[in-house]
Amino acid sequence: MTESDGRRRCGWATSAPEYIAYHDDEWGRPLHGDRELFERLSLEAFQSGLSWLIILRKRPAFRAAFASFDVATVAGFDESDVERLLRDSGIVRNRAKIDATINNARRIEDSVPEGLDALLWSFAPDHHRRPRRLGDVPATSPESTAMARELRKRGLKFVGPTTAYALMQATGIVDDHIATCWRAAV
């Protein structure tokens with residue numbers, strides 16, 4: 001869809017200014033760093049069952065509530081932190097997702113000695129076909145299924161194949177900008 005700035009974007013990215021900024025500046029761009037990838041992994045889990053727009057609008061509050069997603073700090077959260085998070089109206093107050101985020105930080109510290117960045121990027125496909133239209137974008141892939149299986153094996157939670165694929169898209173492990181999107185040409 002062509003916006004007022006003359007740029008064609010993926011169809012999902014045009015309904016709100018936050019989507020446009022996220023699409024243009026972040027989604028599909030290669031992202032590295034354990035903290036950065038832990039943030040995205042966590043936010044994808046919180047998004048499950050909700051609109052991504054809700055998560056984007058709450059992202060500053062999530063960052064404040066979860067110590068900028070510093071893995072070691074979140075791994076040290078205790079029950080008082082859980083209670084604090086459950087009272088924080090700036091974030092999604094879902095106990096299972098809060099518990100999973102803290103659990104995931106602990107599991108990353110305990111069972112991902114190579115680092116989250118190296119682990120997640122090890123699932124990058126050798127070849128990825130750019131989708132021609134939005135309907136061609138898959139919800140999962142063999143690589144996202146393998147990633148989810150490995151993360152669950154290491155004790156992480158809220159990491160199914162669909163969440164893993166959304167993480168892969170968000171962090172540029174795969175680039176699913178449709179062929180006519182201006183980001184596809186960059």
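Per the 1.4 Å probe, what fraction of the accessible area of segment 1-77, in percent, lies on carbon and sulfur atoms? Write down the numbers at each step before the final one.
Values: 1760 of 3400 Å².
Ligands and nucleic acids excluded, carbon and sulfur give 52 percent.
Using θ = phi - 60° and the Karplus relation 6.51 cos²θ - 1.76 cosθ + 1.60, list the HN-Hα couplings for segment 131-137 in order, rounded to whole Hz, with x at every Gly or Pro.
Per-residue couplings from phi come out as x, 7, 8, 4, x, 8, 7 Hz.
Taking the Cα centre of the chain as origin, work out the dipole magnitude from +1 charges on Lys and Arg Cβ and -1 charges on Asp and Glu Cβ, in debye rounded to 20. Before the final figure, lay out each step's value.
Values: 27 positive and 27 negative charges, 121 e Å.
Result for the chain is approximately 580 debye, rounded to the nearest 20.
For the full complex of protein chains and a 1.4 angstrom probe, list 157, 58, 97 by accessible area with the highest value first.
On the way: 157 110, 58 55, 97 15 Å².
Most to least solvent-accessible, the answer reads 157, 58, 97.
Round to a whole number: what % of the accessible area of segment 80-186 belongs to carbon and sulfur, probe 1.4 Å? All intermediate terms of the calculation are to be shown ahead of the outcome.
Details: 2600 of 5290 Å².
Taking all protein chains in place, segment 80-186 shows 49 percent carbon and sulfur surface.
How much accessible area per residue does the chain have, in Å², with a 1.4 Å probe? Provide the component values of the computation, followed by the final result.
Numbers: 8860 Å² over 186 residues.
Result: 48 Å² per residue.
Give the distance, in whole Å, between the Cα centre of segment 90-126 and the Cα centre of segment 68-82.
Using only Cα atoms to place each centre, the spacing works out to 13 Å.
Heavy atoms only, probe 1.4 angstrom, no DNA, RNA or ligands counted: give me 32, 127, 177 ranked by accessible area, highest first.
127, 32, 177
Once each part is reduced to its C-alpha centroid, what is the distance from segment 140-186 to segment 17-38 in angstrom?
13 Å
What is the calculated FRET efficiency for residue 20 to residue 99, with r their C-beta to C-beta distance and R₀ = 35 Å, to the nearest 0.05? Spell out each step's value before the answer.
Details: r = 33 Å, r/R0 = 0.95.
So, using R0 = 35 Å, E works out to roughly 0.55.
The values are calculated or read from the model by the stated rules, or taken from the named source; none is laboratory data. Every value quoted in this text rests on a predicted model; they were computed, and no experiment measured them. Cβ atoms come from the backbone with ideal geometry, glycine included; neighbour counts cover every protein chain shown. These area figures cover heavy atoms from the full protein model, side chains too; ligands, DNA and RNA do not enter into them. Shrake-Rupley method; radii C 1.70, N 1.55, O 1.52, S 1.80 Å.
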